[in-house]
Amino acid sequence: MELQSILWLQSCLRVDDNAALRKAIERGPHGLGVIVVVELGPPRTPEAIFRRAAIAALSEELACRGGGLTVLVDQNPAEAVARAVSAVPSLAAVVTDYDEAHPSAAEHLAPLLPRGLALEVVRDDSLLFPFFTSCRAVGRARGGGKSLRWAAFLKMMDSTVPSAVRTGALPPRLQLGSGGGGGAAAILVPLSKWGRAVLAAWEPVTVSAALQRASQGLSSAALLKATDIGQQAQGQVCVPTGISPFLRAGVISPRQALEAGVRFRDLLWREFSYVCWRIAAPLARGVPLIPALGAAALASSKSQLFRTDDEAFDMWCLGKTGGGMVDAGMRQLWCEGWMPRHIRLLCAACLVEGLGVSWTRGRDWFAHTLIDHDPVINTMMWQNAGLCGVDPFYRALKWEEVPCTVADEKYVAEWADRELAWPPHLQRLAAVSRPEWQHVRTVAQERRRDLRPVFAAASRVCQAGLRVEWGRRDDDPGPVVGVGRVGLETFCAGLGACSSSPPDTR
């Protein structure tokens, strides 16, 4: 009896170091069909554009290694895969990887499969370690449950990472119906002028290009610490690698990135974000972990740069806040779908602390514009920026200050005043001048002064950690129940009038 299998790839668009692919080869050594599903029509976000380029590159790599890829075009991925499976007379297995940000896709497919054919789901392949290893590093809180604290996680994680595994020979290609799809290269067209420009900044989207980026320099966290102007003038400080879009699309794995030269600590932050996502229930629902603290941050100051929140948000999107680093970053974001990590922190601090706009609006704009948009990491980052997340460490950043290094000066000179084609809803403000820098600085200082009590409360969160109810199944996240040993309601009650409403943590 010939053993054949179908593999549905969702988040790991690569051949090597792909546990789901190895599982499919093991279950179907005599025939393998590899499927990806894309939505009908041109991609609407940089992340979707990059993913399609990654799919085209995967198709070429599979073909070079004797396999092939079937691209299905459908608004309902699970139904499209089910139709492809039903067209094959006999299958030993259907295997899929797991996208933490979109878990329902695999759940919808399982009941659609023929009777007797189970769906085998491979999890954790987008992480450095299996989840149970990282979960143990989080540790238990003294008051019961899990304690989410970045400093403790960083200290407990072992630096011994499993090696990346090269995939062996592929089984013969299992021919599948196109399902309304076409060749993998065809999914890249038609792209809008904006889409083509965004993608051009990142091509080629290949494994070799990703590994080259990873080996070219230090990660963006190193740039955040680089303050020696003399070293930067001599070119001794490395620029960010720009590896994050390749990691998000699964072009390379975190293990491959680590072996190529990306700093372990930076990959651990990504790991920590995914662990928190699976442990703390509010994160996956987009609900702040400490709602009262986020509300206090927005209500603590009356000083304003702009007349309304809507105007402030639009001027932030346009890169017209008056903060040079922030404005440069927001324009690079629209042009290339990306900005360095330290610039993202400044932009987030500007929106929430400087302009008093809800972190959710920043999260949604980044989701629309980031080429490396990952809902897990984006939610974590913006909740921290809103001072209502797991680790609001980067608070009170002086986002309005002028560049203090040669590298930052060059960055602002390159991006802050670049002319760009903006979407229609922003064009009405595109010609408006930025506020005067002295006024910007005064307002930013006043707001930081008013936010001091909130900063102090956020500091307690970082030091003590969030306590989450735990002890059930690994895939069953729990509610936030406290900050360190203090119950959540008691902690929120100390924030004053802004925390009068009961916390929604479930």
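With labels modelled as points extended 7 Å from the Cα through the Cβ direction, what inter-label distance (nm, one decimal) is found for residue 196 paired with residue 490?
It is 6.3 nm.
Please report, as a whole percent, how much of the solvent-accessible surface of the chain comes from carbon and sulfur atoms (probe radius 1.4 Å). Numbers along the way, then the final one.
Numbers: 11260 of 21220 Å².
It is 53 percent, rounded to a whole number.
Can you tally the net charge around residue 76? Count Lys and Arg as +1, Asp and Glu as -1, for every other residue whose Cβ sits under 11 Å from the Cβ of residue 76.
Numbers: positive: 83; negative: 39, 74, 79.
For residues surrounding residue 76, the net value is -2.
Taking only DSSP H segments of four or more residues, each worth -39500 (n - 2.57), what value at 222 nm results for the chain once the sum is divided by all its residues, to the nearest 500 deg cm²/dmol? Present the calculation step by step, with values, prior to reporting the outcome.
Numbers: 25 runs with 231 residues, N = 506.
After summing the helix terms and dividing by the residues of the chain, the value is -13000 deg cm²/dmol.
For segment 330-412, run through the trypsin sites (Lys or Arg not before Pro) and keep only the ones in DSSP coil with at most 13 other Cβ atoms within 10 Å of their Cβ. Mind dumping the intermediate values first?
Values: sites: 331, 341, 344, 361, 363, 395, 398, 410; in loops: 395, 398.
Hits after loop and neighbour filter: nothing returned.
Considering the chain, what Rg and Dmax in Å follow from its alpha-carbon atoms?
Calculated on Cα positions, Rg and Dmax stand at 23.6, 78 Å.
Using only the alpha-carbon atoms of segment 341-438, report the extent along each of the three principal axes, biggest first, to the nearest angstrom.
37, 34, 25
Using Cα pairs closer than 8 Å and at least 6 residues apart in sequence, work out the relative contact order for the chain, in percent.
Values: 939 pairs, mean separation 91.8, N = 506.
Normalised by residue count, the contact order of the chain is 18 percent.
Taking only C-alpha pairs under 8 Å that are 6+ residues apart, what is the relative contact order of segment 344-468 in percent?
Values: 96 pairs, mean separation 38.7, N = 125.
It comes to 31 percent, rounded to a whole number.
Bins of 10 Å, beginning at zero and ending with the bin holding the largest distance: percent of Cα pairs per bin for segment 54-94, please.
24, 41, 35, 0
Which distance in nm do the two modelled labels at residue 449 and residue 132 give, with both placed 7 Å along the Cα-to-Cβ direction?
Inter-label distance under the simple model: 5.6 nm.
Could you tell me which trypsin sites (Lys or Arg not before Pro) in segment 13-94 are loop residues by DSSP with no more than 16 other beta carbons within 10 angstrom of their beta carbon? Walk me through the numbers before you get to the answer.
On the way: sites: 14, 22, 23, 27, 44, 51, 52, 65, 83; in loops: 14, 44, 65.
Of the trypsin sites (Lys or Arg not before Pro), the ones in loops of segment 13-94 whose Cβ has at most 16 other Cβ atoms within 10 Å are 44, 65.
Which whole-Hz couplings ³J(HN,Hα) result when phi for each residue of segment 6-23 is put into the Karplus expression 6.51 cos²θ - 1.76 cosθ + 1.60, θ = phi - 60°, listed in order with x for Gly and Pro?
These are the phi-based 3J(HN,Hα) values: 10, 10, 9, 8, 10, 10, 10, 8, 8, 9, 7, 6, 10, 5, 5, 5, 5, 5 Hz.
Could you tell me the ratio Rg/Rh of segment 22-173? Both radii from Cα atoms, Rh via Kirkwood.
Details: Rg = 18.8 Å, Rh = 18.2 Å.
A ratio of 1.03.
Convex hull over the alpha-carbon atoms of segment 89-151: what's its volume per residue in Å³?
Values: hull volume 8.5 nm³, N = 63.
Spread over its residues, the Cα hull of segment 89-151 gives 135 Å³ apiece.
Determine, for the chain, the count of lysine pairs separated by eight or more sequence positions (or lying on different chains) whose alpha-carbon distance falls under 28 Å.
Close lysine pairs under the 28 Å cut-off: 12.
Return the whole-Å distance between the Cα centroid of segment 235-313 and the Cα centroid of segment 30-80.
Segment 235-313 and segment 30-80 have Cα centres spaced 27 Å from each other.
Full extension from residue 158 to residue 360: what is 0.36 nm times the residue separation minus their Cα-Cα distance, to one decimal in nm? Write down the numbers at each step before the final one.
Numbers: separation 202, 0.36 × 202 = 72.72 nm, distance 3.39 nm.
Result: 69.3 nm gained on full extension.
Under 5 Å between amide H atoms, partner at least 5 residues away or on a different chain: which partners does residue 393 have, H built in plane at 1.01 Å?
Correct list: empty.
In a shell of Cβ-Cβ distance under 11 Å around residue 47, excluding residue 47 itself, what net charge do Lys and Arg (+1) and Asp and Glu (-1) give? Kindly include the intermediate steps, with their values, before the conclusion.
Working: positive: 44, 51, 52, 248; negative: 372, 374.
Net of charged neighbours comes to +2.
In Å², what does the accessible area per residue of segment 316-359 work out to with a 1.4 Å probe?
Numbers: 520 Å² over 44 residues.
About 12 Å² of surface per residue is accessible.
Applying the Karplus parametrisation 6.51 cos²θ - 1.76 cosθ + 1.60 with θ = phi - 60° to the phi angles of segment 103-120, what ³J(HN,Hα) value in whole Hz is obtained for each residue in order, glycine and proline being reported as x?
x, 5, 4, 5, 5, 6, 6, 3, x, 8, 6, x, 4, x, 10, 8, 8, 9
Please compute the length gained on full extension between residue 310 and residue 427, using 0.36 nm multiplied by the number of residues separating them and subtracting their Cα-Cα distance.
Values: separation 117, 0.36 × 117 = 42.12 nm, distance 1.40 nm.
Difference between extended and current length: 40.7 nm.
Show me the three semi-axes of the equivalent ellipsoid for segment 1-80, from the C-alpha gyration tensor (sqrt of 5 times each eigenvalue), largest first, rounded to whole Å. Walk me through the numbers before you get to the answer.
Values: eigenvalues 111, 41, 21 Å².
After diagonalising the Cα gyration tensor, the semi-axes are 24, 14, 10 Å.
Over segment 41-193, what relative contact order in percent results from Cα pairs under 8 Å that are six or more residues apart? Provide the component values of the computation, followed by the final result.
Values: 140 pairs, mean separation 58.0, N = 153.
Reported relative contact order: 38 percent.
How large is the Kirkwood hydrodynamic radius of segment 284-341, counting all unique pairs of alpha carbons, in Å? Can you show the working numbers first?
Working: mean 1/r = 0.0741 Å⁻¹.
For segment 284-341, the Kirkwood estimate is 13.5 Å.
At residue 460 and residue 120, where each label point lies 7 Å from the Cα along Cα→Cβ, what is the point-to-point distance in nanometres?
5.1 nm
Between residue 436 and residue 368, what's the calculated FRET efficiency when r is the beta-carbon distance and R0 is 35 Å? Round to 0.05. Walk me through the intermediate numbers first.
Numbers: r = 30 Å, r/R0 = 0.85.
Between residue 436 and residue 368 the formula returns 0.70.
For residue 464, what charge total do you get from the other residues with a beta carbon under 12 Å from its beta carbon, if Lys and Arg give +1 and Asp and Glu give -1? If you can, show how the numbers build up before the last one.
Values: positive: 142, 149, 460, 467, 485; negative: 391.
With Lys, Arg at +1 and Asp, Glu at -1, the neighbours total +4.
The values are calculated or read from the model by the stated rules, or taken from the named source; none is laboratory data. Because the structure is predicted, anything quoted here is derived from the model rather than measured. When we count neighbours, we look across all protein chains shown, and the Cβ atoms used for this are built from the backbone with ideal geometry, even at glycine. SASA here: full protein model, heavy atoms, side chains in, ligands and nucleic acids out. Shrake-Rupley method; radii C 1.70, N 1.55, O 1.52, S 1.80 Å.
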